[in-house]
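Here's the structure we're looking at; comments come further down.
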Amino acid sequence: MASVAEYYAGKSVLITGATGFMGKVLVEKLLWSCPEVKALYILVRPKAGQSMKQRVSDMMKCKLFDRVREDNPDFHKKIIPISSELTQPGLSISPEDVEKLSACINIVFHCAATIRFDEPLKHALQLNVIATQELLSLAQRMHHLEAFIHISTAYANCNRKHIDEVIYPPPVEPKKLIESLEWMDDGIVQDITPRLIGDRPNTYTYTKALAEYVVQQEQDKLNIGIVRPSIVGASWQEPFPGWIDNFNGPSGVFIAAGKGILRTMRANNDAVADLIPVDMVVNLTLAAGWYTDLEENILPLSFRKHHVISSFKRNPLEQAFRRPNANITSNYLINQYWILVSHKFPAFIYDLFLRLCGQKPQMMRIFNRLHKAIGLLEYFSSQDWEWNSENMNMLMSQLTPEDRTAFNFDVRQLNWPEYIENYCIGTKKYVLNEDMSDIPAARQHLRKLRNIRYTFNTVLVVFIWRVFIARSQMARNIWYFVVSLCFKFLSYFRASSTLTN
Ligand SMILES: CCCCCCCCCCCCCCCCCC(=O)SCCNC(=O)CCNC(=O)[C@H](O)C(C)(C)COP(=O)(O)OP(=O)(O)OC[C@H]1O[C@@H](n2cnc3c(N)ncnc32)[C@H](O)[C@@H]1OP(=O)(O)O
Ligand SMILES: NC(=O)C1=CN([C@@H]2O[C@H](COP(=O)(O)OP(=O)(O)OC[C@H]3O[C@@H](n4cnc5c(N)ncnc54)[C@H](OP(=O)(O)O)[C@@H]3O)[C@@H](O)[C@H]2O)C=CC1
């Protein structure tokens with residue numbers, strides 16, 4: 001059997017979602033570890049006033065591609081952008097491009113999706129299900145297609161506790177749902193969405209489950225593989241540790257904690273957040289393309305021992321609102337208490353301060369957005385799942401020893417505290433674009449915040465005590481009793497130290 005790199009040599013690969021987090025790492029890894037790959041066709045849309053060409057050119061300037069660029073400055077010649085808006089009929093690919101793709105593509109990686117948890121159902125269905133169907137139809141026209149790899153999510157079936165490496169029956173026949181939603185206006189769809197998604201938490205997991213079923217329907221005509229990553233985090237090693245470029249999932253939580261904004265979160269301390277580094281997911285995906293089978297992958301991160309706070313104390317973010325510190329509890333009331341004391345109260349005080357300085361208040365607005373985001377993650381942070389990963393282990397056993405290193409997806413080799421440290425540094429460097437040379441100033445800022453806190457607490461205690469003493473005889477008695485006790489202790493120690501001298 002050919003090695004993974006040998007398999008991709010001379011092949012033309014089609015990638016959707018190449019401008020996304022995972023897609024970019026996939027493109028980079030293919031170019032780096034499979035240098036003989038013939039061409040990477042990437043489906044890209046114009047966005048935010050930028051043309052497709054401009055977007056691809058910007059993407060290739062990204063630091064992520066540094067090692068590939070150094071190795072081969074002409075690497076961009078292998079990347080062939082194809083204009084495509086996946087939500088349009090026929091993916092809005094021109095007839096000439098359809099001809100071109102039909103004639104040359106050997107492997108398809110379908111990464112594109114909307115991963116927003118609050119996506120309206122119609123749009124999530126359009127992108128995650130209908131576009132997948134369209135891509136499968138296109139794939140059937142490809143004369144030399146060897147594998148179609150679909151990126152799903154380990155949470156597509158999160159309504160189950162134990163998840164096997166099988167495609168479960170869909171919650172509804174996708175074709176019927178598509179037909180019924182077609183004539184409904186957005187308001188009606190919004191009203192019936194909770195009934196439709198049933199015991200799933202959002203339209204994302206619901207439509208990803210439907211997409212898996214749609215892919216499975218083509219298994220007699222195409223060689224399909226489905227990869228189900230869990231929570232994808234910053235890179236472990238490749239192209240360098242800690243690469244991350246978005247606020248999704250844990251990254252937003254880490255940043256909010258590092259900035260001292262997030263101080264409490266509802267999660268089951270005994271549960272695990274199944275985090276997997278993006279480079280491992282990409283290695284697994286490429287190995288799946290080589291083998292073409294059904295995979296999934298997880299790595300447990302304990303909510304109790306998450307190492308995030310200690311990492312940010314060592315490498316603080318700039319201009320933190322408060323010192324990083326997070327209380328994780330599964331108790332709703334305790335969490336609400338901390339939200340009030342640690343989120344809303346400081347936000348109120350800070351906004352009051354801004355108003356007094358003639359500035360626009362902003363902290364309450366930030367906290368409202370944070371609470372919305374955290375609320376959407378709560379479903380995943382409060383429960384535990386069990387995944388079967390026999391196919392992944394089997395795939396690993398099929399790799400040559402060299403490929404096991406070059407396309408490593410063995411999560412047991414990961415050093416958890418070191419990974420989280422690099423992840424936190426990655427959010428600082430690549431998401432927030434903060435300079436590492438500012439760390440001493442950021443530490444100084446944390447010390448200042450600590451002193452402000454001590455001063456505030458002391459003033460508060462003295463103030464409360466004064467109010468108490470003024471109003472209650474009992475409080476005064478206790479106060480005198482404590483003070484006289486302290487004096488007695490002091491005189492005792494002074495007397496005993498004089499005796500020993
Ligand atoms: C210390 C404790 C440690 C505990 C350790 C463990 C932590 C683990 C946490 C559990 C995570 C569980 C995740 C489960 C994931 C399932 C995996 C998947 O399959 S799929 C993958 C999972 N999919 C997802 O994770 C998607 C989840 N995200 C969403 O659905 C939406 O973003 C939203 C609804 C949360 C907010 O919508 P909306 O209000 O409309 O806001 P927009 O989106 O339009 O963003 C506006 C701006 O804000 C920016 N920004 C965004 N977030 C944050 C943040 N947290 N902060 C700061 N900033 C943030 C954003 O960049 C943008 O900036 P700009 O461009 O304007 O400059
Ligand atoms: N991130 C995670 O934690 C996890 C992700 N996954 C899965 O991995 C895959 C990749 O996720 P990730 O990279 O994080 O997601 P991103 O949101 O970073 O990337 C999504 C990609 O899809 C493209 N896309 C979205 N809408 C359209 C459209 N209408 N037409 C053309 N392209 C479009 C985006 O292009 P554009 O740049 O133009 O917006 C982007 O390239 C998804 O299938 C997701 O379900 C699974 C588990 C966890």
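The values are calculated or read from the model by the stated rules, or taken from the named source; none is laboratory data. All values derive from a computational prediction rather than experimental measurement. Cβ sites come from the backbone with ideal geometry, for glycine too, and all protein chains shown count toward neighbours. The accessibility values were calculated without ligands, DNA or RNA, using every heavy atom of the protein model including side chains. Shrake-Rupley method; radii C 1.70, N 1.55, O 1.52, S 1.80 Å.
Structure notes:
- Put simply, of Gln237, Gln217, Gln190 the only residue that is within 20 Å of the chain's Cα centre (by Cα) and open to solvent by 10 Å² or more (accessible area, probe 1.4 Å) is Gln237.
- Restricting attention to segment 1-19, the residues being surrounded by fewer than 19 Cβ atoms within 10 Å (Cβ to Cβ) and under 20 Å from Ser57 (Cβ atoms) number 0.
- Of all residues in segment 244-278, those being open to solvent by 10 Å² or more (accessible area, probe 1.4 Å), at pLDDT 90 or above and either assigned to a loop (DSSP other than H, G, I, E, B) or closer than 30 Å to Ser397 by Cα (or both) number 7.
- Look at (1) within 16 Å of ligand 2 (Cβ to nearest atom); (2) open to solvent by 10 Å² or more (accessible area, probe 1.4 Å); (3) modelled with pLDDT under 95 and you find that Ile226 fails only one, number (2).
- Contacts under 7 angstrom Cβ, first residue in segment 117-131 being in contact (Cβ under 8 Å) with a residue 40 or more places away in the chain and on the phi > 0 side of the Ramachandran plot, partner outside any helix (DSSP H, G or I) and surrounded by 19 or more Cβ atoms within 10 Å (Cβ to Cβ), 6 or more apart: none
- Test result for Thr405, polar (S, T, N, Q), part of a helix (DSSP H, G or I) and open to solvent by less than 60 Å² (accessible area, probe 1.4 Å): no
- Among the candidates Lys208, Lys221, Lys259, residue that is within 15 Å of ligand 2 (Cβ to nearest atom) and of a type in the set (Lys, Arg): Lys208
- Flag if Lys77 is of a type in the set (Lys, Arg) and within 30 Å of the chain's Cα centre (by Cα): no
- Asn391 meets each of the listed conditions (1) crowded, with 18+ Cβ neighbours inside 10 Å; (2) within 18 Å of Gly258 (Cα to Cα) apart from (2).
- Candidates Leu26, Leu40: the one that is more than 22 Å from the chain's Cα centre (by Cα), surrounded by 17 or more Cβ atoms within 10 Å (Cβ to Cβ), under 21 Å from Pro239 (Cα atoms) and touching a residue at least 40 places away in the same chain (Cβ under 8 Å) is Leu40.
- Considering residues of segment 74-93 that are over 21 Å from Val129 (Cα atoms) and free of Cβ contacts under 8 Å to residues at least 24 places away in the same chain only, the residue nearest to ligand 1 (Cβ to nearest atom): His76
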